[in-house]
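Here the structure is laid out as C-alpha cells; the discussion comes afterwards.
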Amino acid sequence: MKGTLSVSLCLLSLITIVFAGCKKVALQELRVPLSGTNLEWPCNSTRNIYLSSGRYIPRNVIVTRLQMYRDEAIVALPRLKPGVPFTLGVVSLHKKGNNRITPFPCWVIQEEGNCEALQSVIDISLDVQDILWVLDSGIVNTLTQPIKRCPPKVVAIDVKNGRVVKVINIEPYMTDASHLQNLVVDYAPDGNVFLYISDPPTRSIIAYNVIAERGCRLILPRAVNLGSNQRDLMYMSLVRKSDYTPVVYCSYMNCSRVFSIKAEFLRRGIINNNVVDVGPKPGKLVGLGSDNGSNLFFRMKGESDIYMWNAETNFTPENCILVEKGDEYRMPTQVVPGYKKLMWALESNFQDYIQDTVPSSGTNMLIRPIVKQC
C-alpha cells in the first residue's frame, strides 16, 4: 500500500497549501506535547477533591479533535471514560514549557450532569467569523458504561470573548439508533450558516439552517455504506474547490468507495441523485480533515503515515501524495490549518486508549506542524 501511494516528492512543489519546510530542527520548538496529568485547575484543593472522588483519572483524559485560533489550540476531550474533569479546553502554542490544558471558555460550562453545560464534546469546528461550533453528544463514559446525561446539542461560542451565542438541540433530528460523529460548518452565499452532522448508524447527515432554526435528516443512498456494519465510522469533511464551490466528502471506513455531495444540495435538503461516487479507495481510510481549500488528508487504518489528495484531481493512487511518514508510537486523529500559516497534526496513542493499555502517566498526545519529506 505504501509503495502504491508514495510518489515522487517533486509533486509537492505543486501543492498550493503551506507546509512547514525541511528545517526539522527549528520546527521541533513548535511541537506541543499534551498529557492528561497536565491540566489547569482553579486550585490544588479542587484537583485533590476531583482525584479522591474519582472525577479525575489522568490516564482517562485524551484529546481527539482540535481547531486553531491565533496562537492557541482549542481541543476536545470527550468523556469516553470516567474521570475526565472537563471536555473542552485550550492550550497555548507558543509558551515554552507551559502545555497545560485549560478549560474553555471556563470551568462553569464543564459540569457533568448539568444540561446547561457541556457533557462530552466529540467534534469542534471554527468558522470564518471566529465562532466555535461544538458538538456535544450528551453521553458520557461511552467506552465503558454509557450514560446519557443530556440531549445532544451544538453550542456556538464566540472565541474572542468566550460567550455562548447559540445552543441548538439536535435530538429532534435523531433516531434511537443515532450516534453522531463529525460536524461541518458551511456559509451559504446569502450569509446563512448551515451545520452538517454525520450520523453513521442511520446512514444519514443532519443538515441544520442556523438562521432559520430548522433542520432535517437526509438519508444517503445504500451504496454509501456497502460492506459496513452498524458500528462503522463515517468520516466527513468539507472542501472548497478553486471556483469556491463547497463540497462535502464522506466515506465509511469499511466501504470501498468515497462519495461526495455539493453543499448546495444539503442546504436544500435534496439528496436523491446528487450523491457522487468519487471512486474506489486504496484501502480502509481514516479521514483527518482538510486545509479549508481543495486538499483532503487521510491515513490508512492501523498506520500513521499522512497522505493528501487534491479534490481538483481524480481520486486515484497516483494522486494521493505521501506528505509525511508517521510515528510508531502515535497515530494522527486530525489535520488542520492554523498557527504560523502551517498545517498541524494532532496525534495520540488512541489505540492504546481504546484497548485500556495506557500507563498511569496518561496518554501520549502531541500537536505538531506537518513537515514534508526532505
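Expected output is a single nm value to one decimal: the length gained when fully extending between residue 243 and residue 356, i.e. 0.36 nm times separation in residues minus the C-alpha distance. What is it? Spell out each step's value before the answer.
Numbers: separation 113, 0.36 × 113 = 40.68 nm, distance 4.61 nm.
Once the chain is fully extended between residue 243 and residue 356, it gains 36.1 nm.
Once you order the gyration tensor axes a ≥ b ≥ c over the Cα atoms, which shape class does the stretch 166-209 get: rounded for a/c under 1.5, otherwise prolate or oblate by comparing a/b with b/c? Before the final figure, lay out each step's value.
Working: a/c = 2.74, a/b = 1.88, b/c = 1.46.
Judged from the Cα gyration tensor, the stretch 166-209 comes out prolate (a/c at least 1.5, a/b above b/c).
Most mobile of 159, 91, 184 per a Gaussian network model of the chain (Cα springs, under 10 Å)?
With Cα springs under 10 Å in the chain, the top fluctuation among 159, 91, 184 is at 159.
What percent does the relative contact order of the stretch 182-318 come to when contacts are Cα pairs within less than 8 Å and at least six residues apart?
Details: 301 pairs, mean separation 23.3, N = 137.
Averaging sequence separation for qualifying contacts and normalising by length gives 17 percent for the stretch 182-318.
What residue among 206, 154, 77 has its Cα farthest toward the positive end of the dipole of the stretch 16-287, where the charges are +1 on Lys, Arg and -1 on Asp, Glu, each on the Cβ?
77
Can you bin the stretch 59-164 into rounded, prolate or oblate? Criterion: square roots of the alpha carbon gyration tensor eigenvalues sorted a ≥ b ≥ c, rounded for a/c under 1.5, prolate for a/b above b/c, oblate for the rest.
oblate
Show me the GluC sites (Glu not before Pro) within the stretch 251-340 that DSSP assigns to loop and that have at most 14 other Cβ atoms within 10 Å of their Cβ. List each step's numbers first, then the result.
Details: sites: 264, 303, 312, 318, 324, 328; in loops: 303, 312, 328.
Counting only loop positions with at most 14 other Cβ atoms within 10 Å, the GluC sites (Glu not before Pro) in the stretch 251-340 are 312, 328.
For the stretch 345-374 and the stretch 267-329, compute the distance between their C-alpha centroids and round to whole Å.
Taking the Cα centre of the stretch 267-329 as reference, the centre of the stretch 345-374 is 21 Å away.
How high is the relative contact order of the stretch 72-119, in percent, counting Cα pairs under 8 Å that sit 6 or more residues apart? Can you show the working numbers first?
Values: 76 pairs, mean separation 14.3, N = 48.
Reported as a whole number, the value is 30 percent.
Which of the aspartates and glutamates could a cross-linker span from residue 325 if the Cα-Cα distance has to be under 16 Å and same-chain partners fewer than 8 positions apart are dropped?
Result set, ordered by chain and number: 303, 305, 347.
What's the local net charge at residue 329, with K and R +1, D and E -1, over the other residues with C-beta under 10 Å away?
Working: positive: 330; negative: 327, 328, 347, 352.
Summing Lys/Arg as +1 and Asp/Glu as -1 gives -3.
In a shell of Cβ-Cβ distance under 13 Å around residue 310, excluding residue 310 itself, what net charge do Lys and Arg (+1) and Asp and Glu (-1) give?
Details: positive: 240, 241; negative: 291, 312, 318.
Result for the local shell: -1.
Among the chymotrypsin sites (Phe, Trp or Tyr not before Pro) within the stretch 294-366, which fall in a DSSP loop and have no more than 15 other Cβ atoms within 10 Å of their own Cβ? Please list the in-between numbers first.
Values: sites: 297, 298, 307, 309, 315, 329, 339, 344, 350, 353; in loops: 315, 329.
Sites meeting the loop and neighbour criteria: 329.
Take the Cα radius of gyration of the stretch 241-374 and divide it by 2.2 N^0.38 Å, with N its residue count; two decimals is plenty. Working shown, then result.
Values: Rg = 16.3 Å, N = 134, 2.2 N^0.38 = 14.1 Å.
Here the answer is 1.15, to two decimals.
Could you give me D for the stretch 312-374, from Stokes-Einstein at 20 °C and 1.002 mPa s, where the hydrodynamic radius is the Kirkwood radius over C-alpha pairs? Units µm² s⁻¹, please. Walk me through the numbers before you get to the answer.
Details: Rh = 13.7 Å.
Approximately 157 µm²/s, per Stokes-Einstein.
Could you list 87, 37, 175 so that the one with the fewest beta carbons within 10 Å of its beta carbon is first and the one with the most is last? If you can, show how the numbers build up before the last one.
Working: 87 27, 37 13, 175 10.
Ranked by crowding around the Cβ, least crowded first: 175, 37, 87.
Please compute the net charge surrounding residue 226, taking Lys and Arg as +1 and Asp and Glu as -1 over other residues with Cβ under 15 Å from its Cβ. Don't skip to the end; give the middle numbers.
Values: positive: 203, 222, 257, 281, 284; negative: 232, 277.
It works out to a net charge of +3.
If I take every Cα pair under 8 Å that is 6 or more residues apart in the stretch 104-172, average their sequence separation and divide by the length, what percent do I get for the relative contact order?
Reported as a whole number, the value is 25 percent.
Evaluate E = 1/(1 + (r/R0)^6) for residue 316 and residue 98, where r is the Cβ-Cβ distance and R0 equals 56 Å; express this FRET efficiency to the nearest 0.05.
On the way: r = 45 Å, r/R0 = 0.80.
So, using R0 = 56 Å, E works out to roughly 0.80.
For the chain, just the Cα atoms, rotate onto the principal axes and tell me the three extents in Å, largest first.
Rounded to whole Å, the extents work out to 57, 51, 38 Å.
Name the shape class, rounded, prolate or oblate, that the alpha-carbon gyration tensor gives for the stretch 199-319, where a ≥ b ≥ c are the square roots of its eigenvalues, rounded holds for a/c under 1.5, and otherwise prolate holds if a/b is larger than b/c and oblate otherwise. Write out the running numbers ahead of the final one.
Numbers: a/c = 1.80, a/b = 1.26, b/c = 1.43.
Oblate, because a/c is 1.5 or more while a/b does not exceed b/c.
None of the figures in this text is laboratory data; all of them are computed from the coordinates on show. The shown structure was predicted, so the numbers you read here are calculated from the model rather than taken from an experiment. A quick note on method: Cβ atoms are made from the backbone with ideal geometry, for glycine too, and the neighbour counts reach across all protein chains shown.
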